[in-house]
Amino acid sequence: MVGRALAERLRYGFFDTGLMYRACTLAVLHAGVNPEDAAAVTALVRALDLDVTWPEPTVPRIEVAGMDVSALLRTPEIESNVSLVSRIPEVRDELVQRQRAFAAREPLVMVGRDIGTRVLTEARTKIFLEASPEVRARRRLGEELDQGRTTNFERVLTETRRRDELDATGHRAIRREQAAADAIIVDTDVYGIEDVVALCLQAHADRNPELAAEHAPGD
């Protein structure tokens, strides 16, 4: 929600890198590959025709082999397998290179747990949004229900905690002490969405004064 709001205000493309891992997971499942077979998953991902474009800044279009799969990436099956795919080091290496290529193509608000520490270490602005599993689960539940999916808080909370456990490899920033040294930490448990967006926009303006006028309100 915060990333999309920032992208809309800044007129940048919004890129949740988790969608790439979900698209890879979709391809793995459709190919009948075991998500825990690291070698087979890596081979499939390296050969995968995967692209991301932004017909609208806040709505990325995820394509696999030229087909738009954006609407297929939030199913329970993908939800329960995506961390098995994303924790494979060779898969991450491959997708990091692709993410850098996307960022070199156009300005982006890029969201993910290793963006500031690994993917874009020279990003103009790095922001680490801190939130408890319960708060994140409530937010995700709202998104899921808004999109017409059937779920409940307990299921979303369980999935959130499971992703945290699987992502706790030491290579992804889950807690504030793991954030990039130059990242701005925002505790979103104590702020509403609008306040968080305002803090992030101010941080970006402070670190990039040459861009402030370009994105001033009312433009």
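Coordinate-derived values only; no laboratory data. Every value quoted in this text rests on a predicted model; they were computed, and no experiment measured them. Note: ideal-geometry Cβ built from the backbone for every residue, glycine included; neighbour counts use all protein chains shown.
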- Query: Can you give the extra length, in nm with one decimal, that the chain gains between Ala39 and Asp189 once fully stretched, where that is 0.36 nm per residue apart less the Cα-Cα distance?
  - Reply: 50.1 nm
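Suppose only helical runs count, i.e. DSSP H with n ≥ 4. What mean residue ellipticity at 222 nm does that imply for the chain under -39500 (n - 2.57) per run, divided by all residues and rounded to the nearest 500 deg cm²/dmol? Numbers along the way, then the final one.
Numbers: 9 runs with 108 residues, N = 219.
Mean residue ellipticity, 222 nm, calculated: -15500 deg cm²/dmol.
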- Taking the dipole about the Cα centre of the chain, with the C-beta of Lys and Arg at +1 and of Asp and Glu at -1, give me whichever of Leu6, Ser132, Val109 is farthest to the positive side. Ser132
- Task: Provide the per-residue ³J(HN,Hα) series for region 122-137, in order, calculated from phi with Karplus coefficients 6.51, -1.76, 1.60 and θ = phi - 60°, each as a whole number of Hz, with x at glycine and proline positions.
- Result: 10, 4, 4, 9, 10, 10, 9, 8, 9, 7, 6, x, 5, 5, 4, 5
- Extended-chain gain in nm, criterion 0.36 nm per residue less alpha-carbon gap, Arg100 and Glu165: 20.8 nm
- Return the distance in nm (one decimal) between the two label points of a simple spin-label model at Asp93 and Ala181, each offset 7 Å from Cα along Cα→Cβ. 2.6 nm
- Once you have a ≥ b ≥ c as the square roots of the Cα gyration tensor eigenvalues for the chain, tell me rounded if a/c is under 1.5, and otherwise prolate or oblate according to whether a/b is larger than b/c. prolate
- Item | Within a Gaussian network of the chain (alpha carbon springs, distance under 10 Å), most fluctuating of Phe153, Phe15, Phe128 | Phe153
- Relative packing of peptides 116-125, 140-149 - highest average C-beta neighbours within 10 Å first: 116-125, 140-149
- Task: Would you mind working out the magnitude of the charge dipole of region 2-215 relative to its Cα centre, with +1 at each Lys and Arg C-beta and -1 at each Asp and Glu C-beta, to the nearest 20 Debye?
- Result: 140 debye
- Note on the structure: Expected unfolding gain across Asp51-Glu154 under the 0.36 nm per residue rule, minus the alpha-carbon gap, is 33.7 nm
